[in-house]
Every structure is written in C-alpha cells, then in structure tokens.
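Okay, so here's the structure we're looking at.
The values are calculated or read from the model by the stated rules, or taken from the named source; none is laboratory data. Just so you know, these numbers come straight off a predicted model, no measurement behind them. A quick note on method: Cβ atoms are made from the backbone with ideal geometry, for glycine too, and the neighbour counts reach across all protein chains shown. Please note that ligands, DNA and RNA were not included when accessible areas were found on the heavy atoms of the full protein model with its side chains. Shrake-Rupley method; radii C 1.70, N 1.55, O 1.52, S 1.80 Å.
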Amino acid sequence: AKMAAAASELLTGWCLFGLALLAILIFCWVYVRKYQSRRESEVISTITAIFALAVALISSALLPVDIFLVSYMKNQNGTFKDWADANVSRQIEDTVLYGYYTLYSIILFCVFLWIPFVYFYYEEKEEDDGNTCSQVKTALRYTLGFITVCAVLLLIGAFVPLNIPNKKNSTEWEKVKLLFEEFGSSHGLTALSFSISSLTVIGMLAAITYTAYGMSALPLNLIKGTTSAAYERLENTEDIEEVEQHLLRIKSKCRDGRPLSSRDRRTVQQLEERLRTLRRRERHLESIEKSWWTKFCEAIRPLKIVWGVFFIIVALLFTVSLFLSNLDKALHSAGFDSGFIILGTNLTNPLNMLLPVLQRVFPLDYILITTIVMYFIFTSMAGIRNMGIWFFWIRLYKIRRGKTRPQALLFLCMILLLIVLHTSYMIYSLAPQYVMYGSQKYLVQVRCNTFFKKKKILPCVSKMYYQCIVTRTYLFLHKFWFFSAAYYFGNWAFIAVFLIGLIVSCCKGKKSVIEGEVDEDDSDMSDDELSVYYR
C-alpha cells in the first residue's frame, strides 16, 4: 500500500513534468522556425537546435519537480506521510537524482559532441560544397578536440578525491588505491558532477553577459517601444535624396572626360553601398507599415507598457534578493574555503519572504518558482537576440528573425544549455531555504515550564537536516566547494552587469522598428525572407 501511494505521488510529479515537456517541444519548434533562415535552413541543424533547446528547457523544468516531490513527503504538521518511510523516500530521491544525471549526460553529449560536429560540418560545407565524406572527416577532426576536453574533465572529476587523507605515512600506492575506491563507490557520478560543474562556470559567464543585460533591456524596450514606421520612412526618404544628390555632385566632376580621383572613387563606392542599404530599408519599412501585425502591435501598446513595468519590477526584486543573499554569505559564511556556504538564512530577502506566504495556497509557490526559471530563460534569449553572439570583441553572428544562419542557431542553443545549468544555482541564491527543503516543516518540543513540553511546527532549516529531506539540486550544487566560491563571485558580477545594462538601456533612445533586420552585408535576396512576416 505504501509503495502504491508513493507511486501515485511520484506519478503526479512526473505528469506535471510531462505536460511541461509537451509545451516545451511546441515552443522550441516555433522559436527555431521563427528565427532560422529559410534560404540556408538545413534539416539536421534544425533538428539539433530544437532538441538542444528542448533539453535546456526540460532541465530547468526539473527543479520545480524536485522541490514538489520532497515537499509532498511531509504533512503540514511536520510529520511524514504514511507512505513516506525511509526506503520509499530514498527511491523517490534516487529517481530525481538519476533524472538529473540523465539530462546532464545528454547536455554533455550535445555540448561536446553533437552540436560541435553539426556546426563544423556546415562550416566545412560552405567551403567545400559537394564532398560529403571530406566534410564529415573534417568535422570529426575538430570535434575530437571537444571530446578530449570532456574526457579530461571526467578524469579529473573521477580521480581527484574530495576528502584528502591526512595520514602522513600513507604510501603512494595507498593514495592511488583511495582514488579508485572513491571512483568505484560513486559509480562515476562524481566525474559527471565535476564536468557539469565546469560547464556551469562557463554558463555563469554567459549569464553574466547575456541574462543580466536581457533583464534590463527586455522590460525597457517594452516600455519605450519602437519608432513609427511612417516617421522612419520619411527620414529614410530624406536620406536617399541626400545620398543621391551627393553622388550626382561627385559624378559631375567627370562630365568633361576627366577621370575621378581615387578618393572620389572610394567615396562613390561607399555612397552606392549606402544607397542600396537605404533602398532595402525603404522596402522593409513599406512592408511593415502596411502589415496587419504592425497594426495589432500598436493596438496592444498599453499592454506592452504594463508588461514592461512588471518585468522591471521583477528584475529589481531579483537583484535585491540576490544582493541580500550574497551579503548574507559575505557576513555569516565560513569563507572562501567552504565555498561561502551558510547554514540557515540570517538576512532575509523579498523572495524568501514571499515563497513561505505562497506555500499556504497550493500550488502558488510552484507556479512562482517555475515562472522565475522561465523568466531567466526568456531574458537570456532576449539578451542574446539584442547583443548577438560574440567571442571577446569579435562579433560572430547576429540573431535575426527569419535570417539567422544554422551555425548561429547552434551557438544560441549551446549558450542556452550552459545558462540553464547555472540557473539552478541562481534560484538557490535567491531562495536558499526553499530550494533546499521546499515547503517542508518539522516538529520541535519547546519547554514551557519544568514539567510541560509543547510541540511546535517550524519550517525546515539546515540545522534540522535529520528531520527533513534535502532536494537533489542542493546536493548537486554543493558537491565541490571551489565551484560554489566561483558562483559567489559570479553573483556579484551579475549584479554589476545588470546595473550597468540598466543605465545603458535607460540612456538609449527608442529602437528602430526594423532594428537589426537590414544590414549593409545583406543581399537583395534576403528581402524575400523577411517579407513573409509583414504581409
């Protein structure tokens, strides 16, 4: 009976996860199809992008399921439910843990093998079109470097012990034996944890770059809106007339047969390129001005402002919560050697205060935590879309509606995979107690007088770990103290970049209605791709 009840509870959690999975797959297909180039689209790259993006979103959806399952094992009075004995609880915990490891193994496969191979295959296809065998060989050769890095990370995680023996008289053979004993006892899961944690640090850098900026740019863009298409057409027409007059003045110099100077020829070439770009802008602006989508966006303009104000409030709430959480670690943690881990919460933050209130009405707290996860994902997408994909100071790709190359989509999905890995720690930083124990409570006896003891129900805290069940997410995040220390400093950098992005976004004016859609390096054929969105 206990097993049947446990299976029923577990099935409830996984049913919610299944519904989220279906919604995620639909969203991924629509998102990739919306941004990919129709002229350069490829079946393999499209499938890879959809699959990688789905894995990223599914991994983020597992955190609310983890919190739901540990919370559902206990009653509101602090006692365990009848079916939640030690063995059943362990089975549920292991199911969630192996769910994490399965998804994280798929992420390793995507990041180190599948996405690099598809990327280099299409890079080679552009240079050597027609020889498929040569393209595959070259792609495998470059992908081998990524596989080597993955193997090194797995070996480091497998054979570097977390607990170094203090025996001074231990021999080298005993030390080597300890390495293999630890590897065997963990069944290689520590190696996977180390590899994922290494990728999480890279995801932290991507979140600092893209998510922090997206949290400031997305709401302010909604509030400010875009310039009018009619006004931009008027300005563009004036620019065209100005460029044409300038060209006529320069070309008039050679009417008597004299050749143009090299400086004038360069100027004519630049003006002709500028004129072609302006005429493309004219065609796009004309299509946008006549489209039904533009009229619909103008009609819902007040709603966009409301959403923008809501998003900026949420962003400020997250930033204040993250600041207070990091300040708490700076003041009350054991320091760098412990990864700035603290037992309990000394400085509360708005999110930590809000979640216990929402716990009283099921399932408002799970809706909020799921919304937070999705908010990080969508702001990351907005940041990547606005900034493009950069390698230090070199801009590699732009993310544009209907004109994004297959390689850029693969890069986008890889970045999102890495950011999602860091999302769990971001959520833990915002609400540490909730991510550890969910809505669990425990019973404690309080001495009222010499002869009478009263039972009191309190929320679970780190000091009462023997009465509460810790989420698998928390155990995974704090397996290596040095990664926790890196995440701590990364949170400070995240706050700084958000504030800088907020100032920059406030100072910038309205975006063009065709922002990023028309560039000088576009061909005239690209106009046909974009026009389908504005009919």
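So for the range 222-231 (the condition being at pLDDT below 85, more than 30 Å from residue 492 (Cβ to Cβ), outside any helix (DSSP H, G or I) and in contact with a strand residue (DSSP E or B) (Cβ under 6 Å, 6 or more places away or on another chain)), does at least one residue qualify?
Yes: one or more hits.
Give the range 255-279 a look and list any residue that's assigned to a helix (DSSP H, G or I) and open to solvent by 50 Å² or more (accessible area, probe 1.4 Å), or say none.
262, 263, 265, 266, 269, 270, 272, 273, 274, 276, 279
Which of the residues that make up the range 497-534 are hydrophobic (A, V, I, L, M, F, W, C), loosely packed, with under 12 Cβ neighbours inside 10 Å and at pLDDT 75 or above?
Of everything in the range 497-534, those that are hydrophobic (A, V, I, L, M, F, W, C), loosely packed, with under 12 Cβ neighbours inside 10 Å and at pLDDT 75 or above turn out to be 503, 506, 507.
Filter the range 280-292 down to residues that are buried (at least 16 other Cβ atoms within 10 Å of the Cβ) and part of a helix (DSSP H, G or I) and give me whichever is farthest from the chain's Cα centre (by Cα).
Applying the filter and picking the extreme gives 282.
If you scan the range 293-308, which residues turn out to be touching a residue at least 40 places away in the same chain (Cβ under 8 Å) and either over 16 Å from residue 226 (Cα atoms) or open to solvent by 80 Å² or more (accessible area, probe 1.4 Å) (or both)?
Within the range 293-308, 293, 307 qualify.
Where residues in the range 132-172 are basic (Lys, Arg) and either open to solvent by less than 80 Å² (accessible area, probe 1.4 Å) or assigned to a helix (DSSP H, G or I) (or both), which of them is modelled with the lowest pLDDT?
Within the range 132-172, the match that is modelled with the lowest pLDDT is 137.
Restricting attention to the range 68-87, and to residues there that are outside any loop (DSSP other than H, G, I, E, B) and of a type in the set (Phe, Trp, Tyr), which single residue is modelled with the highest pLDDT? Spell out the reasoning first.
Pass one, the range 68-87, residues outside any loop (DSSP other than H, G, I, E, B): 68-71, 74, 80, 86-87.
So of that shortlist, the ones also of a type in the set (Phe, Trp, Tyr) come out as 68, 80.
Numbers: 68: 79, 80: 74.
Here the answer is 68.
Hey, among the residues in the range 311-339 that are touching a residue at least 60 places away in the same chain (Cβ under 8 Å) and open to solvent by 70 Å² or more (accessible area, probe 1.4 Å), which one's nearest to residue 510 (Cα to Cα)?
So the residue we want is 323.
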